[in-house]
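What follows is a single structure, written as structure tokens, with notes after it.
The values are calculated or read from the model by the stated rules, or taken from the named source; none is laboratory data. Computed from a predicted model, the values in this text were never measured in an experiment. So basically every Cβ, Gly included, is an ideal-geometry build from the backbone, and we count neighbours across all protein chains shown. Calculation scope for accessible area: heavy atoms of the full protein, side chains included, ligands and nucleic acids excluded. Shrake-Rupley method; radii C 1.70, N 1.55, O 1.52, S 1.80 Å.
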Amino acid sequence: MTNRLVYTSPTTDRKAAFAAADPGAGQAGQSKLAQMSEGYSALPLLFQQLTQSLSVLSGTAELMLEGKDGHDALQGLRVWLHPNARQAELSMHQLRDLRLTKSPALTDLSQSLTVLVLAADMLTQGQLSGADSLMFYGLLRRNADSAITSLAQLRAQLLPESQQATAG
């Protein structure tokens, strides 16, 4: 059996032609398109989860930095770091796995989340005290704020305007 390609002249209003002898090529293209569509439908939930986790992490860091004297009530806020850092990390992995974009905003978001998760882990495990702890809360807040900015840029790039309000 020989492979014959169907040739059509390039125009902007035509869809790509698939190999005539390979019926699976059309199905693979449709499968990839369905996968991308499914990925885009998952974006609002992923963006919402990331926004919520980043807000909690940034807010917790802000409260800890404002209450620098280390009251026990403020130390209780530390329990929110681990689950929210893990949720942000999981959502980021899911977002990356969708492979919808190679945007610099996605790279910035990923880098900020990496630092944020490491800082949250160190703070949660009690490996830091005093000035070191405050320095890491500052690092946590800066990276959460940076991640929120990158997430907003990514949301603007990937979601239609009608879905942007519901995803944030």
Quick calc: nm separation of the 7 Å Cα→Cβ label points for His93 and Gln52 -> 1.9 nm
The range 64-153, relative contact order [Cα under 8 Å, separation at least 6], %:
38 percent
Taking r as the C-beta separation of Ser103 and Gln75 and R0 as 35 Å, the FRET efficiency to the nearest 0.05 is 0.40
The range 41-144, convex hull of Cα, quarter of hull surface, nm² -> 6.2 nm²
Three principal axis extents, largest first, for the C-alpha atoms of the range 75-118, in Å?
39, 16, 11
Put Ser41, Ser146, Ser103 in order of accessible area, largest first, 1.4 Å probe: what do you get?
Ser41, Ser146, Ser103
Keeping all protein chains in the complex and leaving out DNA, RNA and ligands, what accessible area do you get for Met122 with a 1.4 Å probe, in Å² to the nearest 10?
60 Å²
Rounded to the nearest 0.05, what FRET efficiency do Ser110 and Ser41 give with R0 = 22 Å and r taken as the Cβ-Cβ distance? Could you check?
0.50
